[in-house]
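**Q** Quick one: the structure is below, and I'll ask about it shortly.
The values are calculated or read from the model by the stated rules, or taken from the named source; none is laboratory data. What you are looking at is a predicted structure, and each value in this text was computed from that prediction instead of being measured. Note that we place each Cβ from the backbone using ideal geometry, even for glycine, and neighbour counts take in every protein chain shown. Heads up: the accessible areas ignore ligands, DNA and RNA and are worked out on the full protein's heavy atoms, side chains in. Shrake-Rupley method; radii C 1.70, N 1.55, O 1.52, S 1.80 Å.
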Amino acid sequence: MLDGSVLGGCRGGCGRIRLLAVLLCLGAAVPLARADENPKNVACVFEHGASQSYANGAFESKPSTPLSFSIQDIDLEKQTALLKVAPDAKPGKLSVVRAINANHYLEVVNEGFLNLTTVYDKDEKTGKYPAVHSRHGGVLGSPVFGQYTGFCSDE
C-alpha cells in the first residue's frame, strides 16, 4: 500500500477519514421515520397564491381565491391517497411521490391536466405542514395555471 493512501500510512488526513466513517455508520444506524408516524389524513388550506392565463399572445396574472381540501387514506407504501374537496363529493385518486422532506400528491384530472400538492415535513413551531399546490390546466384551448401556498394539518 502506498504511503499516504486512504487506507494506509495517512499523513494528516486519517482523523478526518475516520471521523467521516464513524459519522456515516452512525447515520446508517438511525432509523427512518416509520409509516405510522406519517399522517394518514391532512386538511389543507391555501390562502395565498396567484393564477395566470394565456390570452392574446401574453400571460395575464390575477390573485387567486382561497382554496381548501383534504388528502385522506395516505398510504406511503402503496403510494396512493384520496383527494376530498367536499364532505359528500366522490374522492379523487392521488399518486404519491416521496421526497426527502416532503410528499408530493399528483392528481391527473379527466381532461389530462395536472394538479400537484407538495406537503413538507411538519414545522415544529406551528404544528402544521407547509404546503404548495399547483394547477396546470386549460380553458378553451388556452393555458391556465395557478400556484398556491398554505398549510396542512393533521385531520
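**Q** For segment 97-107, check the following and say yes or no: at least one residue is closer than 21 Å to Y54 by Cα, open to solvent by less than 40 Å² (accessible area, probe 1.4 Å) and touching a residue at least 24 places away in the same chain (Cβ under 8 Å). Don't jump to the end; show me each part of the working.
**A** As a first pass, look at segment 97-107 and keep what is closer than 21 Å to Y54 by Cα: none.
Looking through segment 97-107, none of the residues is closer than 21 Å to Y54 by Cα, open to solvent by less than 40 Å² (accessible area, probe 1.4 Å) and touching a residue at least 24 places away in the same chain (Cβ under 8 Å).
**Q** When segment 78-89 is examined, which residues are found to be at pLDDT 95 or above and more than 17 Å from N115 (Cβ to Cβ)?
**A** K78 - this is the single residue of segment 78-89 that is at pLDDT 95 or above and more than 17 Å from N115 (Cβ to Cβ).
**Q** If I ask for residues that are modelled with pLDDT of 95 or more and in a loop (DSSP other than H, G, I, E, B), which ones from segment 105-123 would you list?
**A** D121, K122
**Q** In segment 83-96, how many residues are in contact with a Phe, Trp or Tyr (Cβ under 8 Å, 6 or more places away or on another chain) and not basic (K, R)?
**A** Residues of segment 83-96 in contact with a Phe, Trp or Tyr (Cβ under 8 Å, 6 or more places away or on another chain): 83-85, 94-96.
Then drop every residue that is not not basic (K, R), which leaves 83, 85, 94-96.
Of the residues in that region, 5 qualify.
**Q** Yes or no: segment 117-136 includes at least one residue that is touching a His at 6+ places or on another chain (Cβ under 7 Å) and either open to solvent by less than 30 Å² (accessible area, probe 1.4 Å) or free of Cβ contacts under 8 Å to residues at least 12 places away in the same chain (or both). First the steps, then the outcome.
**A** Taking segment 117-136 and keeping what is touching a His at 6+ places or on another chain (Cβ under 7 Å), we get 117-118.
Of the ones still in play, those that are also either open to solvent by less than 30 Å² (accessible area, probe 1.4 Å) or free of Cβ contacts under 8 Å to residues at least 12 places away in the same chain (or both) are 117-118.
Yes, because at least one residue in segment 117-136 is touching a His at 6+ places or on another chain (Cβ under 7 Å) and either open to solvent by less than 30 Å² (accessible area, probe 1.4 Å) or free of Cβ contacts under 8 Å to residues at least 12 places away in the same chain (or both).
**Q** Follow-up question, since we're still on this one. I'm told Q52 meets every condition in (1) in contact with a Gly (Cβ under 8 Å, 6 or more places away or on another chain); (2) more than 15 Å from S134 (Cβ to Cβ); (3) open to solvent by less than 100 Å² (accessible area, probe 1.4 Å) except one. Can you identify the failing condition by its number?
**A** All conditions pass for Q52, except number (2).
**Q** From F46, F145, F69, grab the single residue that is of a type in the set (A, V, I, L, M, F, W, C), open to solvent by less than 60 Å² (accessible area, probe 1.4 Å) and touching a His at 6+ places or on another chain (Cβ under 6 Å).
**A** Numbers: F145 fails: open to solvent by less than 60 Å² (accessible area, probe 1.4 Å); F69 fails: touching a His at 6+ places or on another chain (Cβ under 6 Å).
Exactly one of F46, F145, F69 is of a type in the set (A, V, I, L, M, F, W, C), open to solvent by less than 60 Å² (accessible area, probe 1.4 Å) and touching a His at 6+ places or on another chain (Cβ under 6 Å), namely F46.
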